[in-house]
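Have a look at the structure below, then the notes.
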Amino acid sequence: MKKALVKLLGKEKGQMFRISLFSIAISLIVGSVILILIGKNPLSAYGNLLQGTGILPKYSYAGRQNMFTDFMSFLDALTPMIFASLAVSVALKCGLFNIGVSGMMLAAGFAASVTVGMSGLAAPVAKPLVIIIGILVGGLVGGLIGWLKYRFNINEVVSAIMLNYTLMYIVTFFINSFYADPVSRQSTPVTDASRLTLVGVKTMGLKIDIPLAFPFAILTAVLIKFIMDRTTTGFEIKAVGLSHMAAEYAGISIRNNIIKTMVISGALSGIAGVTYFCGYTGSIQPGVVPGMGFNAIAVSLLGNSDPIGCIFSSFLITILSKGAIYLSSQQGVDIEIADLITAVILIFAACSEFIRIYVTRTVAEIDQAEGER
Amino acid sequence: MTDTIIIDGLAFALPMFVMSVGGIFSEKSGITNLALEGLQGFGAFCGSLAAVLFAYGFAGSSRMPYYLSYLIAFAGGMLYAMLHVLLCIKFKANQIISGVVVNILAVALTTFLTKRINEALFSEKSNKFVLETSMRFTVPGLSRIPVLGAVFTNVYPFEVLIIVIAVITWYVMYKTPYGMHLRACGDNPHSADAAGIDVNRVRAIAVILSGGLSAIGGMSYAYSISASFSPDIYLGFGYLAIAALIFGNWSILPTLGACLLFGFARSAGQALIQRLGMPSTYNDLVRILPYVLTLFLLIFFSKNNRSPRALGEIYDKGKR
């Protein structure tokens, strides 16, 4: 039993990846138990999740829709999640905990919506401008948190929580006062020219939503990975994250790196915000802090706070959240069941360090036992 | 006007304070507790469920369901906190992840269960347990004192409960051996261990206690602000409580100050709106007042803030 587990999880290379897969497998089993308990067939339920996200074909489709349209709208939801989880990851590398992703997303999304999103600018100008505004606003808020931390020793968790609410209420005030759509009670939708998702493009007899920023998200993840692992900037950020004292002794400026990291993290949150509010949804719901910013923390940690890992974990979590709509309509189960399974996955992912220690220890035990023989 | 500010401010600040005290216990022992949000929600869920069920068992005017629901909430919060204990101490999970996960699970689980239970027991589709708003009382005599009398006017019973709890927890934290062990575990677990203290046991008790205390806070919000249990209970009060305890530099009295400041700023903003007769959309603008004020004051007060030294570190005996 022990040997089988060790063999399954490997010794060193790729161990973390295998352990992640292992914990996902276990949590899917636990999820199955929950589904069986409420009298549903787990296999068809999981199938529904994949069907809802366009990875497996559904039994029937409405006009102008097929698997590909579902998959594209899945990518549309996935894009902001990747950016948001990258934002959390970068901050974690520097030992900072960015709980303010939500507020930054909202601020960036709002700023881009009311400026470019409601102007008459043409698409080639408007779309890049939306992203630039997102980067600027997000970076500014992030930088503010970093500066407050360094200059006044204000814990970043506190300032981020305070800013989340402050920004949420400010945005809500402006939307309700000036930009509210009388029917939907959300903010006025952004113009098609500025929207980062091409909505309802008619080709090949289909009506597809194309998330323009998706390739950009993958590129950003690779870029962040490169910066973190291969450049001095990344090295300094990680050094500060590991030990302030050691970094200072090595002549690395803590101040610069804290602020730099928060600016990068904020900029990524800003892009997440514009891809969410000026892409996926197209409008902003007042009075709510987007939950994605909090989920991104868990997603980032599930991906072992590695930029490439973030792509995979975002993929997994978005399948659950996006596929849940189809699942609940097909099986007649509450939509929360998907959140429940997500939470179970995260619990097991949180234990991955324990599994790693356990495996390492068991390997040592087995080696010793064999040596004695 | 000052009366309403004080009355509403206290009713908001004290539940937040009791959550913060829970957080202080956990964090002083060295376990980061972002789970307060989930703990208060889960506790409120248990308490509200109990209140709804007991309402059938007791006569209409009986106060028993009210008190019993607090007891059940306390127990439920402690029980749910064991998940955080299990993840952080037994499975050596990253404490931040564990906290976030405990929150996510609490939202999913309580919403799911509320729907299921409503359907099974009362055959209605609702994600709410409707509660009565808590009764209030006014202390005769004392409430006549100008200005300060407001403290004794329209008091929720839970405010008294929270004050009592605060005094007890303060005593436990600073005057008993357990309190000293707890603080030692948060600052230097290795020397605490060397002195014969079971670090993991002390920490486990602290986290479980924080669950119970958060639950009392959550239950109080369920009885006062929302008069029901629904997913709306997850408004972020738990996160605010964390902000308050960091503002209060992880000590009980300054944290009370932070909570009161926050509560009064909040109720003052609302009173201001009514006074000036501004349109309702301006409500949102005034609501930022407590948050901005807190941030502004932190600039002056957080110079010497220092978290417990071993906060967030997994205790590893072999590291000594």
On full extension of the chain, what length is gained from A:TYR59 through A:PHE71, given 0.36 nm per residue of separation minus the C-alpha to C-alpha distance? 2.8 nm
How many Cβ atoms of partner chains, on average, are near each residue of B:242-254 if near means within 10 Å of its Cβ? 2
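Tally Lys/Arg at +1 and Asp/Glu at -1 over every other residue whose Cβ is under 15 Å from the Cβ of B:PHE112; what's the total?
+1
Sort B:THR110, A:THR233, A:THR166 so that the residue with the fewest other Cβ atoms within 10 Å of its own Cβ comes first and the one with the most comes last. If you can, show how the numbers build up before the last one.
Values: B:THR110 27, A:THR233 14, A:THR166 20.
In order of increasing Cβ crowding within 10 Å: A:THR233, A:THR166, B:THR110.
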Evaluated at q = 0.08, 0.10, 0.12 Å⁻¹: base-10 log I(q)/I(0), Debye formula over Cα of chain A: -0.46, -0.70, -0.98
Would you tell me the mean number of C-beta atoms belonging to other protein chains that fall within 10 Å of each C-beta in B:279-286, as a whole number? 5
Among A:PHE277, A:GLY309, B:PRO140, the residue whose Cα sits farthest towards the positive end of the charge dipole of the protein assembly as shown, when +1 is placed on the Cβ of each Lys and Arg and -1 on the Cβ of each Asp and Glu, is A:GLY309
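Based only on other Cβ atoms within 10 Å, what is the fewest-to-most ordering of A:MET118, A:MET245? Let's see the in-between values first.
Details: A:MET118 16, A:MET245 8.
Ordered by Cβ neighbours within 10 Å, fewest first: A:MET245, A:MET118.
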Provide the per-residue ³J(HN,Hα) series for the range A:296-306, in order, calculated from phi with Karplus coefficients 6.51, -1.76, 1.60 and θ = phi - 60°, each as a whole number of Hz, with x at glycine and proline positions. 4, 4, 5, 4, 4, 6, 4, x, 6, 6, 9
Which listed residue (B:ASN188, B:TYR221, A:PHE83) has the Cα farthest towards the positive end of the charge dipole for the protein assembly as shown, taking +1 on Lys and Arg C-beta and -1 on Asp and Glu C-beta about the Cα centre? B:ASN188
Under the Karplus relation with 6.51, -1.76 and 1.60 and θ = phi - 60°, whole-Hz ³J(HN,Hα) for the range A:335-345, x at Gly and Pro, equal 5, 5, 4, 5, 4, 4, 5, 4, 4, 5, 4
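Counting pairs of alpha carbon atoms under 8 Å apart in space and at least six apart in sequence, what relative contact order in percent does the range A:61-314 give?
Details: 477 pairs, mean separation 103.3, N = 254.
Relative contact order of the range A:61-314: 41 percent.
Using just the Cα positions, wrap chain B in a convex hull and report its mean projected area in square nanometres, one decimal place. List each step's numbers first, then the result.
Values: hull surface 74.2 nm².
Dividing the Cα hull surface by four gives the mean projection, 18.6 nm².
Which whole number gives the average count of other chain Cβ atoms within 10 Å of the Cβ atoms across peptide B:295-304? Spell out each step's value before the answer.
On the way: counts 10, 1, 0, 8, 6, 1, 3, 8, 3, 1.
Across B:295-304, the average partner-chain Cβ count within 10 Å equals 4.
Return the subset of A:LYS58/A:LYS322; A:LYS149/B:LYS92; A:LYS93/B:LYS28; A:LYS93/A:LYS260; A:LYS149/B:LYS28 for which the Cα-Cα distance in this structure is over 18 Å, preserving the input order.
Details: A:LYS58/A:LYS322 15 Å; A:LYS149/B:LYS92 28 Å; A:LYS93/B:LYS28 25 Å; A:LYS93/A:LYS260 12 Å; A:LYS149/B:LYS28 21 Å.
Exceeds cut-off: A:LYS149/B:LYS92; A:LYS93/B:LYS28; A:LYS149/B:LYS28.
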Hey, what did chain B get for relative contact order, percent, Cα under 8 Å, at least 6 apart? 36 percent
Among A:GLY120, A:VAL201, A:MET245, whose Cα projects farthest towards the positive end of the dipole of the range A:61-314, with charges put on the beta-carbon of Lys, Arg (+1) and Asp, Glu (-1)? A:GLY120
Global form of the range A:151-207, assessed from the alpha-carbon gyration tensor, a/c cut-off 1.5: oblate
Assign unit charges at the C-beta atoms only (+1 for Lys and Arg, -1 for Asp and Glu), then state the dipole size of the protein assembly as shown relative to its Cα centre in Debye, rounded to the nearest 20. 720 debye
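Can you classify the protein assembly as shown as rounded, prolate or oblate using the Cα gyration tensor, where a ≥ b ≥ c are the square roots of its eigenvalues, rounded means a/c under 1.5, and otherwise it's prolate if a/b beats b/c and oblate if not? Kindly include the intermediate steps, with their values, before the conclusion.
Details: a/c = 1.31, a/b = 1.13, b/c = 1.17.
Judged from the Cα gyration tensor, the protein assembly as shown comes out rounded (a/c under 1.5).
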Going fewest to most other Cβ atoms within 10 Å around each Cβ, B:ARG183, B:ARG136 line up as B:ARG136, B:ARG183
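With charges only on Cβ, +1 for K and R and -1 for D and E, what is the dipole size of the range A:61-314 about its Cα centre, in debye, rounded to 20?
Working: 14 positive and 10 negative charges, 37 e Å.
Dipole about the Cα centre, nearest 20: 180 debye.
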Under Karplus coefficients 6.51, -1.76 and 1.60, residue-wise ³J(HN,Hα) of the range A:222-232 in Hz, glycine/proline x: 5, 4, 4, 4, 4, 4, 5, 9, 10, 10, 4
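No value in this document is a laboratory result; all are computed from the given coordinates. This structure is a prediction, so every number in the text was calculated from the model and none was measured. Every residue, glycine among them, receives a Cβ derived from its backbone with ideal geometry; neighbour counts consider all protein chains shown.
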